[in-house]
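Values quoted throughout were computed directly from the atomic coordinates according to the rules given, and no laboratory measurement underlies them. Remember, it's a predicted structure, so these values are computed and weren't measured experimentally. As a convention, Cβ positions derive from the backbone with ideal geometry for all residues, glycine included, and neighbour counts pool all protein chains shown.
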């Protein structure tokens, strides 16, 4: 490396001065200049060219692990650390995924996890879980907030909006309170999103005597029940090709049935059609999805429970 540094600057500075500064002999430098390139150096130079090609083909995204896999797949035998060293020498760096860091707890809201991943309930309106998800549409994101009763697994309140604000969560809560009118000691569980930690949302919970329960920081399993509902909601277009997909194809015939079979193609569907289809889906979840071997509606009726 020192000889190479001297050689790059020999036209601008004295070789004797640079050899003295870098503490190498002039004879060693001149011997290095006439010495043929080593097999390792030749191999590294050829490997660097392939690395540059793969890096350019990936659009500057691939790092050393992925490029190493591509080289092995193409029949090139090399080590991952060697690929990383060569990329570092030529200044190539991948685009790593941003590491998720759990956010701190809002000190203004003092609430613990009252459920502790126990999603059972002994009666209706005893435990509610809530969360917000997003769905891509052609006009942008559509946000859906939902509240589920853990006893019947029924969606008791929901709201949709183009903006993810506290009003989105509040509208779902107002719908649930207006429809159910809980009289028992109710626990409301959610994640630590800003919408649920807002002063307006916490005030409504306190006004109705509802105890607030919050998931642990960065723990998605603490709210698995409502996450499972969102997963089912987004997979519905794959499982049922006769009602949901028929609605979408009938309203927007520019998309084929195969194209609608993936959630990604929601982005090609207008906002209003997704809105109308989600209304149908929430109704399907409450009237067609089996819960404890019964439909949520039938489960409520069998015990004379209030239903939407």
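Data table
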item: Label-to-label distance, nm, for residues given as residue 47 and residue 69 (7 Å Cα→Cβ offset); result: 1.9 nm
item: Linear extension gain, residue 123 paired with residue 23, 0.36 nm per residue minus alpha-carbon span; result: 27.7 nm
item: Estimated inter-spin distance, residue 82 and residue 208, nm [label 7 Å along Cα→Cβ]; result: 6.5 nm
item: Separation between Cα centres of segment 1-77 and segment 113-170, rounded to whole Å; result: 57 Å
item: Sites residue 56 and residue 228, calculated FRET efficiency, Cβ-Cβ separation with R0 30 Å, nearest 0.05; result: 0.10
item: Inter-probe distance in nm under a simple model that places probes 7 Å from Cα toward Cβ, at residue 33 and residue 112; result: 7.7 nm
item: Theoretical gain in end-to-end length, residue 7 to residue 165 [0.36 nm per residue, Cα-Cα removed]; result: 50.7 nm
item: Cβ-derived FRET efficiency at R0 35 Å, residue 89 paired with residue 16, nearest 0.05; result: 0.80
item: Residue order, fewest to most beta carbons within 10 Å, for 151, 30, 221; result: 221, 30, 151
